[in-house]
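Take a look at the structure set out below.
Any read-out appearing in this document is the output of simple, stated calculations on the displayed coordinates, not a laboratory observation. This structure is a prediction, so every number in the text was calculated from the model and none was measured. Cβ atoms come from the backbone with ideal geometry, glycine included; neighbour counts cover every protein chain shown.
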Amino acid sequence: MTEGQVYQCQNRDCDSEILVTKASLEASANPRCSCGAEMKKPYNPPVFRLLAPDDELVRLFVASRN
């Protein structure tokens, strides 16, 4: 767990949320809620953007294909 991450309880009746304020050094699993259910990070869909023809990523891609 890293600082700033948000975790949500998977129990729909509970629906608690926590904000990590200090990074964990030895976290090996998702945290547990006070109700006992596992907590997970909320789903964030990917964000797509259009690349301009003069963008560095486009130039690198074209160069790697040649």
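Can you give me the relative contact order of the stretch 1-44 as a percent, contacts being Cα pairs under 8 Å and 6 or more apart?
Reported as a whole number, the value is 44 percent.
Can you work out the FRET efficiency for the pair Leu60 and Gln5, with r the C-beta to C-beta distance and R0 = 35 Å, to the nearest 0.05? Efficiency, rounded to the nearest 0.05: 0.70. Can you give the angle from 0 to 90° between the axis of helix 56-65 and the longest principal axis of the chain, with both taken from C-alpha atoms, to the nearest 10? Relative to the chain, helix 56-65 is tipped by roughly 70 degrees. By the helix-only formula, in which each DSSP H run with n ≥ 4 contributes -39500 (n - 2.57) and the sum is divided by residues, the chain has a 222 nm mean residue ellipticity of -4500 deg cm²/dmol. Normalised size of the chain, defined as Cα radius of gyration per 2.2 N^0.38 Å with N residues, equals 1.79. Taking only Cα atoms and a 10 Å spring cutoff, compute GNM fluctuations for the chain and point out the largest among Glu38, Glu56, Glu26. It is Glu56.
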